[in-house]
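The values are calculated or read from the model by the stated rules, or taken from the named source; none is laboratory data. What you see is a predicted model, and the numbers here were worked out from it, not measured in a lab. Because the Cβ atoms are built from the backbone with ideal geometry, glycine has one as well, and the counts that use them run over all protein chains shown. What goes into the accessible areas is simple: the full protein's heavy atoms, side chains included, and nothing from ligands, DNA or RNA. Shrake-Rupley method; radii C 1.70, N 1.55, O 1.52, S 1.80 Å.
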Amino acid sequence: MKLLHLDASSLGQHSVSRELTTAIVAQLAQEHPALEVTYRDLTAQPLPHWAPVVDAESEAAKLGEAVMDEFLAADIVVIGAPMYNFSIPSQLKAWIDRVVVAGKTFRYGASGVEGLLKNKKVFIASSRGNVYAAGSPAAALEHHESYLTGVLSFIGLTDVTIVRAEGLALGTEAREASMLKARANIAAMAA
Ligand SMILES: Cc1cc2nc3c(=O)[nH]c(=O)nc-3n(C[C@H](O)[C@H](O)[C@H](O)COP(=O)(O)O)c2cc1C
């Protein structure tokens, strides 16, 4: 079984999403002892913005192919997704631009768009400073989890588990409560 682990936070060892993806991967490795993990740090090694391939032998073309191949090969994808300005970091968007590709992960047909991926499980470690629950004052600015789950569903991936730590900027108590809940949710995944 293959797992692709992606991180996109710029906060290094202070990152909440990185802590959560690490815990999710460790939990999954316990459940699947033969798990093969591929790690891509989208901040340490940012992907260039998408551009048409003019030379199939270029480094950029080869990198794009490698990113797509490791995504297609993965049975499980774990995505660290901090909220930056109400959406995902541009580093993660650059990865999405490489894997949402007509003819590879979705296609246009007579009856509309069809996602071509099946049988992959996705885990999203979502971290954000504020709270975006339905009915909360900032709910209308939630273009983060909704965007990610929307784009994943577009390419056929609907088995998505979100581990969320939010309200992280709303004081020590709110932060600690949210982190405790997120860690407990990861521990409960084994059950
Ligand atoms: C550049 C930047 C933009 C941010 N924008 C938002 C935002 O729009 N809404 C929000 O709730 N939190 C925002 N935050 C707070 C982060 O979502 C929060 O610090 C979270 O923990 C980031 O994940 P990380 O710890 O894995 O880096 C922002 C943080 C940074 C650094």
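Looking at Ala8, Ala34, which one is away from the ligand (no atom under 12 Å from the Cβ) and among the hydrophobic types (A, V, I, L, M, F, W, C)?
Details: Ala8 fails: away from the ligand (no atom under 12 Å from the Cβ).
Going through Ala8, Ala34 in turn, the sole match is Ala34.
Of all residues being charged (D, E, K, R) and part of a loop (DSSP other than H, G, I, E, B) in the range 149-180, which is surrounded by the most Cβ atoms within 10 Å (Cβ to Cβ)? Just the residue, please.
Just the residues of the range 149-180 that are charged (D, E, K, R), to begin with: 159, 164, 166, 173, 175-176.
This time we only want the ones that are part of a loop (DSSP other than H, G, I, E, B), so: 159, 166.
Working: Asp159: 13, Glu166: 25.
That would be Glu166.
Can you name every residue in the range 40-80 that is among the charged types (D, E, K, R) and either in contact with a Ser or Thr (Cβ under 8 Å, 6 or more places away or on another chain) or surrounded by 14 or more Cβ atoms within 10 Å (Cβ to Cβ) (or both)?
Of all residues in the range 40-80, those among the charged types (D, E, K, R) come to 40-41, 55, 57, 59, 62, 65, 69-70, 75.
Residues satisfying the conditions are Arg40, Asp41, Glu70, Asp75.
Quick one: how many residues across the range 128-148 are assigned to a loop (DSSP other than H, G, I, E, B), closer than 22 Å to Ser15 by Cβ and either away from the ligand (no atom under 12 Å from the Cβ) or small (Gly, Ala, Ser) (or both)? Explain how you work it out, then say what you get.
From the range 128-148, those assigned to a loop (DSSP other than H, G, I, E, B) are 128-138, 142-144; that's our starting set.
Checking the rest, the ones that are also closer than 22 Å to Ser15 by Cβ come to 128-132, 138, 142-144.
Of the ones still in play, those that are also either away from the ligand (no atom under 12 Å from the Cβ) or small (Gly, Ala, Ser) (or both) are 129, 138.
So the count comes out to 2.
How about the range 1-33: which of its residues are outside any helix (DSSP H, G or I), modelled with pLDDT of 95 or more and open to solvent by 80 Å² or more (accessible area, probe 1.4 Å)?
Within the range 1-33, Met1, Lys2, Leu11 meet the criteria.
Out of the range 81-111, which residues are away from the ligand (no atom under 16 Å from the Cβ), open to solvent by 30 Å² or more (accessible area, probe 1.4 Å) and either among the small types (Gly, Ala, Ser) or within 22 Å of Val25 (Cβ to Cβ) (or both)? Don't jump to the end; show me each part of the working.
First pass over the range 81-111, keeping only residues away from the ligand (no atom under 16 Å from the Cβ): 96-111.
Adding the requirement that they be open to solvent by 30 Å² or more (accessible area, probe 1.4 Å) leaves 97-98, 100-104, 107-111.
Within the range 81-111, Arg98, Ala102, Gly103, Gly109, Ala110, Ser111 qualify.
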